[in-house]
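Below is one structure, written out as structure tokens, with a few remarks after it.
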Amino acid sequence: MQTIYPTSLTPEQYVAQQHQKQVPPPENCLNCGRAHSLEALAYYHRYVTWLTQVLIISVRRFLCRQCRVSISCLPSFAQPYRAINTATVEAGFNGQAQKREVQHWGTAIKDYWRRFEGHLPTLVRQVGSAFGRVSLRPRAEGFWRQLLERCGDLASATRQLIHQFHTCLFGTYRCHQRRPLQAA
Ligand SMILES: [Zn+2]
């Protein structure tokens, strides 16, 4: 499973400080809920942008001794399965076209918006009115504004969507669902 690890570091700082080595295990397993059951389990590597660069980050993984499910801690500057970093996606969705990184990744950001629009009917069914009143025919623009007003930024919105609703802006993924618990 995947959780969002809140951090104020930029991707560049995270890489420079090898911050993955300091990511603590979540207190409780996200799958079975058991406390203090997570042990370190190496890393996986993925791409994330910073300004106009592409970096490779190491993402900390833990294994639950109780339910044997692995939990990866994705830093909040990264989006699940999307390379463009969270702040740049947010700036792009807010129409900040004067930003160099928004111009640079414009095509990808447009593609992300279309995915968001495509996922919206499912997303709205999953979250209901948790982020404000939803109309019968919700529009991506309106839902995006509500999400930002309620959560403050895309990083904390993503964290809430994953932790409370097991989805994110761009789709519902297996890594955000709980696994059936096996009888002990
Ligand atoms: Zn567990």
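For (1) of a type in the set (Val, Ile, Thr); (2) more than 17 Å from the chain's Cα centre (by Cα), each residue gets a yes or a no:
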position	(1), (2)
GLN18	no, yes
LEU30	no, no
HIS36	no, yes
VAL48	yes, no
GLN53	no, yes
LEU63	no, yes
CYS67	no, yes
ILE71	yes, no
ALA78	no, no
State whether one or more residues within the stretch 107-125 are at pLDDT 95 or above, within 16 Å of the ligand (Cβ to nearest atom) and among the hydrophobic types (A, V, I, L, M, F, W, C).
no
What's the number of the condition PRO25 fails, among (1) closer than 28 Å to ARG100 by Cα; (2) open to solvent by 50 Å² or more (accessible area, probe 1.4 Å)?
(1)
Just need a number here: residues in the stretch 28-58 that are away from the ligand (no atom under 16 Å from the Cβ) and open to solvent by 40 Å² or more (accessible area, probe 1.4 Å).
11
Residues of the stretch 59-84 being at positive phi and more than 10 Å from the ligand (Cβ to nearest atom), in sequence order, are TYR81
State whether the residues of the stretch 154-173 include one that is surrounded by 20 or more Cβ atoms within 10 Å (Cβ to Cβ) and farther than 26 Å from HIS45 by Cα.
no
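The values are calculated or read from the model by the stated rules, or taken from the named source; none is laboratory data. Remember, it's a predicted structure, so these values are computed and weren't measured experimentally. Ideal geometry is used to build each Cβ from the backbone, glycine not excepted, and the neighbour counts take in all protein chains shown. Accessible surface areas use protein heavy atoms only, side chains included; no ligands, DNA or RNA. Shrake-Rupley method; radii C 1.70, N 1.55, O 1.52, S 1.80 Å.
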